[in-house]
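Here is the structure we will look at, set down as structure tokens.
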């Protein structure tokens, strides 16, 4: 039986486990990336493992999230990351060089390689044929130290693209259609693979837009073939030697098939407050727009912004709309400035932001109260924009540009079509903003510089066979990591200060939770389905650990967050009968019994001592994860393994 693309890459990198769906497998990791909102913690964890130099083929530390420097905290963290990267053998992409996923796609990602990053949108590199996965910072630290990265061997969903996109319809509309079909839970435990005649019409940046938002499906990753389009992109980036052809075997077998006719797609929008709340742009036509933001790792490439510049050329943004544009990389910004497109954007009234994540991570450009903000980003979770009642819609660059001119959500196909932007035969190459690490002869003399905002990591308590603790929080379905540990300019500077971050934990759901948790001296969180969807931020596990959470008991988990809970030493438990969770109330006294045997055999008993109800919980973790939990988390486990 033939293999799919991801099966070929996984099997070539398999160092532990058996290649069977659902089995936990350990993979050799070729490349890693970090960004500054998660990187400080990842490098503190790497230091704690005691391994002098990284063992990957390539590791890069990007500064792209916390670039708003309103205090010393972000600057101190950047200095720490710069110096620790120099010492341990990691390249350092300076602030202003661009968003990690855009720069990595341009300069470093390779077809056929494995990549994990401490950011959930690392699958962007699947657009170039890499097996690229988001992971918690500790998993990235372990991979940098030469350890395996563990995932359940995935199912494969085959998305077959036929036809060709109509003018003013884009790759963003393709992934929004996939989200409409599969939903934000539809990719859990799966890799999404794209093929078909329609793939040939998509450039590498368009493919990367699609794989980027595959994270919103809950998928392990998404991947495209590596073909002549891939070769042309790599050649234009001066990296043709990195090209290898990579495609699925003709007799590959898939677990699920989705067919999409590109020629029939219309412009789509994800409406508040979920990436799968999909409607046609045409149906939203009377919606007044207050703000438009174009950029993020999803839609900030050269071709994206050139298309926007062509639509806006010679026109003026509606006086009722604030338009902000963030080029994804310094390379993109340089090209726009040299060919005159930047002038077109400025003349139209755009506010040009630095090449960074910016508004996507809540770092500035919050909309007005109850304002409608159209964004070419990947997430529109409630409050993520920085405005609690902001109404955020996810759209294509074409829809964003058309709407900022009219002041209303506008179907771009109603405007005269602009010419398709051709991919350059060569990109301007300038890597002078990527600092190389010290060599083997000099690294020991590098001093790592730390600021006062960097605090010690919280430590998990030893696992006991019985736990009798209160339910400290009760939440519903689709709780995101933004609910658990919000982002934004107020909070992100403290990502290396867990005690301070604890003040904001679950503030979207229950402002009293941190105070209640600290006073309780331990407890449980009870939730619904798809708990922990969204970003890879391990802070959504580390902060609850600091607050005394010993177990999270829900109907189902998102993949990365479940792994992060295990890594932190928090038990991830699921109701055997999903309806049982609905009977538990905030403050109920809950008792877990048979914990030590249950982490191995998969079953733990829960008694609600307030109501007397007895329930069965599943502890669906691997034998390795059971050992990690018993050791008090992955850091303790790794230290033991390296003795």
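The values are calculated or read from the model by the stated rules, or taken from the named source; none is laboratory data. Here the structure is a predicted model, which is why all the values come from computation and not from measurement. Using ideal geometry, Cβ is built from the backbone for each residue, glycine included, and neighbour counts are taken over all protein chains shown.
Taking the criterion of being crowded, with 19+ Cβ neighbours inside 10 Å, farther than 29 Å from residue 582 by Cβ and touching a residue at least 12 places away in the same chain (Cβ under 8 Å), would at least one residue in the range 443-459 satisfy it?
First, the residues of the range 443-459 that are crowded, with 19+ Cβ neighbours inside 10 Å: 453, 458.
Filter again for farther than 29 Å from residue 582 by Cβ, leaving 453, 458.
With the extra rule that they be touching a residue at least 12 places away in the same chain (Cβ under 8 Å), the set shrinks to 453, 458.
Yes, the conditions are met somewhere in the range 443-459.
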Q) How many of the residues in the range 546-569 are surrounded by fewer than 24 Cβ atoms within 10 Å (Cβ to Cβ) and touching a helix residue (DSSP H, G or I) at 6+ places or on another chain (Cβ under 6 Å)? A) 3
Q) Among (1) free of Cβ contacts under 8 Å to residues at least 12 places away in the same chain; (2) in contact with a strand residue (DSSP E or B) (Cβ under 9 Å, 6 or more places away or on another chain), where does residue 69 come up short? A) (2)
Q: Go through the residues of the range 147-167 one by one and say whether even a single one is closer than 29 Å to residue 433 by Cβ and part of a loop (DSSP other than H, G, I, E, B).
A: no
Q: Scan 159, 204, 169, 184 and give me the residue that is farther than 26 Å from residue 273 by Cβ, crowded, with 20+ Cβ neighbours inside 10 Å and outside the structural domain of residue 620 (by TED's automatic domain parsing).
A: 204
Q: Take the range 471-515 and flag every residue that is surrounded by fewer than 21 Cβ atoms within 10 Å (Cβ to Cβ), touching a strand residue (DSSP E or B) at 6+ places or on another chain (Cβ under 8 Å) and free of Cβ contacts under 8 Å to residues at least 40 places away in the same chain.
A: 509, 510
Q: Determine, yes or no, whether residue 324 is outside the structural domain of residue 379 (by TED's automatic domain parsing), buried (at least 19 other Cβ atoms within 10 Å of the Cβ) and touching a strand residue (DSSP E or B) at 6+ places or on another chain (Cβ under 7 Å).
A: no
Q.
Please return the ranges of strands (runs of 3 or more DSSP E) entirely within the range 516-635 where 3 or more residues are at pLDDT 95 or above and farther than 30 Å from residue 17 by Cα.
A. 523-526, 589-593, 603-608, 613-618
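Quick one: is residue 90 buried (at least 21 other Cβ atoms within 10 Å of the Cβ) and either out of contact with any helix residue (DSSP H, G or I) (no Cβ under 9 Å at 6 or more places or on another chain) or within 26 Å of residue 194 (Cα to Cα) (or both)? Before you say what the answer is, go through the steps one by one.
Details: buried (at least 21 other Cβ atoms within 10 Å of the Cβ): yes; either out of contact with any helix residue (DSSP H, G or I) (no Cβ under 9 Å at 6 or more places or on another chain) or within 26 Å of residue 194 (Cα to Cα) (or both): no.
Answer is no for this residue.
With respect to residue 139, determine if the residue is over 29 Å from residue 282 (Cα atoms) and touching a strand residue (DSSP E or B) at 6+ places or on another chain (Cβ under 9 Å). First the steps, then the outcome.
Working: over 29 Å from residue 282 (Cα atoms): yes; touching a strand residue (DSSP E or B) at 6+ places or on another chain (Cβ under 9 Å): yes.
For residue 139, the condition - over 29 Å from residue 282 (Cα atoms) and touching a strand residue (DSSP E or B) at 6+ places or on another chain (Cβ under 9 Å) - is met.
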(Q) Can you tell me how many residues within the range 1-20 are within 22 Å of residue 196 (Cβ to Cβ) and either part of a loop (DSSP other than H, G, I, E, B) or in contact with a helix residue (DSSP H, G or I) (Cβ under 6 Å, 6 or more places away or on another chain) (or both)? (A) 3
(Q) If residue 369 meets every condition in (1) assigned by TED's automatic domain parsing to the domain that holds residue 316; (2) within 21 Å of residue 314 (Cα to Cα); (3) surrounded by fewer than 23 Cβ atoms within 10 Å (Cβ to Cβ) apart from one, which number is that one? (A) (2)
Q.
Looking only at the range 231-272, how many residues end up being farther than 30 Å from residue 380 by Cα and touching a helix residue (DSSP H, G or I) at 6+ places or on another chain (Cβ under 7 Å)?
A. 10
Q) Has the range 407-415 got any residue that is assigned to a helix (DSSP H, G or I), closer than 16 Å to residue 542 by Cα and out of contact with any strand residue (DSSP E or B) (no Cβ under 7 Å at 6 or more places or on another chain)? A) no
Q: Could you pull out the residue among 116, 128, 81, 63 that is at pLDDT 95 or above, crowded, with 20+ Cβ neighbours inside 10 Å, touching a strand residue (DSSP E or B) at 6+ places or on another chain (Cβ under 8 Å) and within 21 Å of residue 150 (Cα to Cα)?
A: 116
Q: Give, as residue ranges, the strands (runs of 3 or more DSSP E) completely inside the range 208-270 that count at least 3 residues that are under 22 Å from residue 110 (Cβ atoms) and either assigned by TED's automatic domain parsing to the domain that holds residue 9 or modelled with pLDDT under 95 (or both).
A: 221-223
Q: Identify, by number, the condition in (1) assigned to a loop (DSSP other than H, G, I, E, B); (2) within 25 Å of residue 66 (Cβ to Cβ) that residue 418 doesn't meet.
A: (2)
(Q) If residue 422 satisfies all but one of (1) surrounded by 15 or more Cβ atoms within 10 Å (Cβ to Cβ); (2) farther than 30 Å from residue 274 by Cα; (3) modelled with pLDDT under 95, what's the number of the condition it fails? (A) (1)
**Q.** Residue, surrounded by the most Cβ atoms within 10 Å (Cβ to Cβ), within the range 388-401, restricted to residues that are out of contact with any strand residue (DSSP E or B) (no Cβ under 8 Å at 6 or more places or on another chain) and more than 18 Å from residue 300 (Cβ to Cβ)
**A.** 389
